[in-house]
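Structure record follows, encoded as C-alpha cells.
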Ligand code: GUN
Ligand code: ZN
C-alpha cells in the first residue's frame, strides 16, 4: 500500500492510515508536543491519552550539545523513551519568534534524518499574516528553495512539504502547487499561528481551502500549531489530518481550562464540566492550584474531541458537528459561514449519501447537499399538468397520504416542497437528502427562500409545462411567490 490510505470520508475530511517506519497511525490525530526540557507529561504517558505519534522540536535538541550528542547516539525514540512514531519540527517556529537561528536548512534536515525522525520538516520560513506581498513572495521563494534541498537530502524518512504565503490566497495556491510538484509524503500548512491566536478563523478557512485545492488528495495534511480542540471539527472538515498540540501545556501555564467549545479561566470555575480522569478524581480547588493537573485535563479533552470528530466522519455527520461547535463563539460562526461559501467545492468531495440531514439553522440552508440538489433539478422530467405543493409541512400523515393520492390522480406529476431543498417528486420521499432530512416545523426564512428559488428553477427549466403551485399559510407573504405567479397558476390552500 502507499503511505496513506483513506478509510472513511465526510465533507473533505477523512479517516486515514499513515505508514511510518515506527508503525501506522490513524488520522485525523493530534501529536502532543514533547519538549525534553520541560514536559510534565512524559512521552510514554502520552499513550494513555490516545497519542499515536508525538512531535518534538529538532532545533531545541540540536542547539544543546548534550541533548544533540545523546540524540545522535541513541536516536530520538530512545532519547524520548517512545517507540511509536515521532515527527520532528525544524526550528522554523523559533525562526519566526526570534528572527534568527543558528542552523542551516541542510544541517537541521540532516540532523532529523540522523536521529531517526519518522516525519521530517525543512526549515521553512513562517511568514505572518497581512505582511506586504513582496515580503511574502520573497519568503516563499526561499522556503521553496529549502524544500527542494530537503527533498534531495531525504529519501527514506517521510518528509513534509510546507505551504506558506501569508494571507495571500493566490500565493498559498501557488506554493501548494510547487510543493506538490516537488513531491512529499506529508504536506503541512504553516504560518497560521497568529490567525489562531487572534481568532481569525474565517481567514484560516480561506487559507486551508486555497492550499488544499492545490495539494494531492491522497496525502495527509498537517495544520501547524492548531492544538485547540474547538478548531478540530472545522479543520478536519476542510481536509486537515494532522495537528500538533502545545496548547494543552501552554493554556495550562496561563491557567486556562480547555473545553470542546472554548477556553475558561480556571479561576472562574465553580464546577468541573468534564468527567476525564483528572476532573473525576480531583476537586476544583486542587486543579486550580496544580498546573500539571490542568495540563492533563486539557490533553484529555483534546483527544476526546478528536474521537468525536472521527466518529462523526464514520457516521457522516461532520457538518452537524461543525454547526454545533461553531455556535460557541462569534469568531467560529464567522468561520462556519465562510465554509458555506465553499459548499460547491466541498460538494465535489462529499459522499452522496450520509447521516440524516438535520436542519440546524441558516448555515444548513447552504450545505453542500442543498447545492447539489439544486444543480440536479434538471434531472426531473416533467410533462402535462404538474402540481407543486407546500403541503409537506402539514403534520397528519393519514390526511397527507389521502390528499397526495387524490392529487396524483388529477395531475401527471406531483412535487412537494421541502425547505431548504425545494421541489421533489412524491416518489422520492425516501431518498437522500430530501427524504432523509429533519426540518424544524418552525423553519427559518432562509430555508424557505432557497426552496422557492429551486421551485422557480424547476419552472424555468420547464417553460412549456402547465404548473399549479399551491402554498399554505406558513408561506404567505414570501416575495418569491409573486415571481412564481409569472410561470404557474398559484393557489393558496384553504
Ligand atoms: N509551527 C507553527 N507554525 C509553523 C510553521 O509555519 N512552520 C513550521 N515548520 N513549524 C511551525
Ligand atoms: Zn477534565
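Just so you know, all these numbers are worked out from the coordinates, no wet-lab data involved. Treat the numbers as computed from the prediction; the structure is a model and nothing was measured. FYI the Cβ positions are ideal-geometry reconstructions off the backbone, even for glycines, and counts take in every protein chain you see.
Note on residue 483 and residue 74: the extension gain reaches 139.7 nm, defined as 0.36 nm multiplied by sequence separation minus the Cα-Cα distance.
Rounded to the nearest 500, the 222 nm mean residue ellipticity of the chain from helices alone is -12500 deg cm²/dmol, with -39,500 (n - 2.57) taken per DSSP H run of at least 4 residues.
From largest to smallest, what semi-axes in whole angstrom does segment 69-228 give when each is the square root of 5 times an eigenvalue of its alpha carbon gyration tensor?
Values for segment 69-228, descending: 26, 16, 16 Å.
Note on segment 237-372: Cα-only Rg and Dmax are 17.4, 53 Å.
Once you have a ≥ b ≥ c as the square roots of the Cα gyration tensor eigenvalues for segment 293-440, tell me rounded if a/c is under 1.5, and otherwise prolate or oblate according to whether a/b is larger than b/c. Since a/c reaches 1.5 and a/b is larger than b/c, the shape of segment 293-440 is classed as prolate.
Pair-distance distribution P(r) for segment 109-165, from all Cα-Cα distances in 5 Å bins starting at 0: 4, 21, 27, 18, 13, 9, 6, 2 percent. Cβ-Cβ distance of residue 107 and residue 269, R₀ of 60 Å, FRET efficiency by 1/(1 + (r/R0)^6): the value works out to about 0.85. Can you work out the base-10 log of I(q)/I(0) for segment 235-274 at q = 0.30 1/Å, using the Debye formula on its C-alpha atoms alone? With no solvent term, the Cα-only Debye profile gives -1.04. Taking one quarter of the surface of the convex hull spanned by the alpha-carbon atoms of segment 1-40 gives a direction-averaged projected area of 4.3 nm².
Based on the reciprocal of the average 1/r between different C-alpha atoms, the Kirkwood radius for segment 2-113 equals 15.4 Å. In the calculated pair-distance distribution of the chain, the portion above 38 angstrom amounts to 36 percent of the Cα-Cα pairs.
In degrees, nearest 10, range 0 to 90: what is the angle between the Cα axis of helix 397-410 and the longest Cα principal axis of the chain? Its long axis makes an angle of about 60 degrees. When a/c reaches 1.5 or more, the comparison of a/b and b/c decides; with that in mind, is segment 273-342 rounded, prolate or oblate per its Cα gyration tensor? Prolate is the answer for segment 273-342, as a/c is 1.5 or above and a/b outweighs b/c. Calculate the tail of P(r) for segment 135-226: the fraction of all Cα-Cα distances greater than 20 Å, expressed in %. For segment 135-226, the fraction of Cα-Cα distances above 20 Å is 31 percent. Between the Cα long axis of helix 201-212 and the first principal axis of the chain there is an angle of about 80°, rounded to the nearest 10.
Rounded to the nearest 10 degrees, the inclination of helix 133-153 to the longest alpha-carbon principal axis of the chain is 60 degrees. In segment 407-494, the C-alpha radius of gyration followed by the widest Cα-Cα span (Dmax) gives 12.7, 35 angstrom. Shape annotation for segment 210-249: C-alpha extents along the principal axes are 33, 15, 15 Å, from largest to smallest. Seen through its C-alpha gyration tensor, with square-root eigenvalues sorted a ≥ b ≥ c, segment 189-277 comes out prolate because a/c lies at 1.5 or above while a/b is bigger than b/c.
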